[in-house]
Amino acid sequence: MKRFLNILLILLIFLFSSLPLWADEIAPAQPSWNAKFLSEKAVLGEPVSLSLEASLPEGASLTDPVEITGLDNLVILDKKRTKNGLELSLLVNSLDRFKVPGFSVAFINKDGAKQWLDFSSQEIQVDNGLPDDPSKMQPRPIKGLIPGKSFFSKYAPWIGAGLLLLALAAFALWFYLRSRRIQTLEIQTAAPHEVALENLDKLESWWASKGEDKEGYFRLSAIVRAYMGAIRPFPAEELTTSEIRTRIREREDREIMPLLEEADMVKFAKARIAEATRKEHIAMARDYVNKTCSWMEDVQEVQAEVVDNEVKPTPADFKGKAE
């Protein structure tokens, strides 16, 4: 009997001693949070990070978006979730110590109910760039900080002089271009057929002394093309011989095409031409100019009238008269 009572006593003692452990296992886990600044000092006017490390109960999570109360007087630049909780970026707006008052952060428990975690106030030393002893501060003159005159009024004479120089340069350029244009018109009052015949005479003299086929036919082809471009509505100087053939409509133009084609053979295929053939080709070019220049005197008269007005008529404008 005594032995039975001893065993019963031992069981009772063991039962009562294990009750606190059971209570801990049955009681719900409480959330644990810790707040701290990530730097030892803050700089005035710059952000400082406040880390909130959390240990929430199972099934609990922060609200989305994160809800914080008690920080209405501070500027929260950013709220960033981290692996262990939350990180707040706050703007430092205090000269001495930056204080964060007590605040609360909301979370949702596993049952879907909103709860709040309360945090105590935090503070950090602020580096404001000022000396620790105010008596050592040296006042600065206000003249250099607040200008007495505006930038424009200070540099107005120089700006005005620059604008005046630009205006004079623009006027000089306009006058130069205008004079060049008038000179060009005066030079171009010579009729195309007169220019072509004069160039053919020079080529004939040059050919008699040099006798070079390739360069001579380059010059002959250029004279004929320049004249044709002046009297026809297409730029003969810029076109190939094949392209010119597709553009021509007049009988005289078709008659001169064999000359241009033979000139190409000399220029590019290095064909040899007899002296008699060269003279015949120059005669063909003169004949082409003389046959197509009957209306050029009318062009000269009109060009002379419009030089003063800086208007240059093109030979194509007078094609109707020639026809």
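In the same structural domain as CYS293 (by TED's automatic domain parsing) and not in a helix (DSSP H, G or I): is that true of PHE218 in this structure?
No.
If VAL224 satisfies every condition in (1) assigned to a helix (DSSP H, G or I); (2) in contact (Cβ under 8 Å) with a residue 24 or more places away in the chain; (3) over 20 Å from PRO258 (Cα atoms) but one, which is the exception?
Going through (1) assigned to a helix (DSSP H, G or I); (2) in contact (Cβ under 8 Å) with a residue 24 or more places away in the chain; (3) over 20 Å from PRO258 (Cα atoms) one by one, VAL224 breaks only (3).
What is the residue count in the stretch 89-114 for residues that are within 13 Å of THR69 (Cα to Cα) and buried (at least 16 other Cβ atoms within 10 Å of the Cβ)?
4
Is it true that some residue in the stretch 269-276 is crowded, with 17+ Cβ neighbours inside 10 Å and part of a helix (DSSP H, G or I)?
No.
Do we have any residue at all in the stretch 74-81 that's touching a strand residue (DSSP E or B) at 6+ places or on another chain (Cβ under 7 Å), within 22 Å of ASP127 (Cβ to Cβ), crowded, with 16+ Cβ neighbours inside 10 Å and without any contact (Cβ under 8 Å) to a residue 60 or more places away in the chain?
yes
Condition first: acidic (Asp, Glu) and over 53 Å from the mean Cα position of the chain (by Cα). Now tell me which residues in the stretch 230-286 satisfy that.
GLU252, GLU255, GLU275, GLU280 - these are the residues of the stretch 230-286 that are acidic (Asp, Glu) and over 53 Å from the mean Cα position of the chain (by Cα).
With the condition kept exactly as written, say whether any residue in the stretch 18-29 is surrounded by 11 or more Cβ atoms within 10 Å (Cβ to Cβ), at pLDDT below 80 and not in a helix (DSSP H, G or I).
yes
Table: residues versus (1) in contact with an Asp or Glu (Cβ under 8 Å, 6 or more places away or on another chain); (2) modelled with pLDDT of 85 or more; (3) more than 18 Å from ALA283 (Cβ to Cβ).
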| site | (1), (2), (3) |
| --- | --- |
| GLU186 | no, no, yes |
| THR189 | no, no, yes |
| VAL195 | no, yes, yes |
| LYS202 | no, yes, no |
| PRO235 | no, yes, yes |
| LEU260 | no, yes, no |
| ALA269 | no, no, yes |
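Kindly establish whether ILE13 is aliphatic (A, V, I, L, M) and at pLDDT below 80.
yes
Quick grid of which residues meet (1) charged (D, E, K, R); (2) at pLDDT 85 or above; (3) part of a strand (DSSP E or B):
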residue: GLY45; (1), (2), (3): no, no, no
residue: LEU52; (1), (2), (3): no, no, yes
residue: GLU123; (1), (2), (3): yes, yes, yes
residue: LEU130; (1), (2), (3): no, no, no
residue: SER135; (1), (2), (3): no, no, no
residue: ILE142; (1), (2), (3): no, no, no
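Go through the residues of the stretch 227-245 one by one and say whether even a single one is more than 24 Å from ALA190 (Cβ to Cβ), part of a helix (DSSP H, G or I) and touching a Leu at 6+ places or on another chain (Cβ under 6 Å).
yes
The values are calculated or read from the model by the stated rules, or taken from the named source; none is laboratory data. Computed from a predicted structure; not experimentally measured. In this analysis, Cβ positions are derived from the backbone assuming ideal geometry, glycine residues included, and neighbour counts consider all displayed protein chains.
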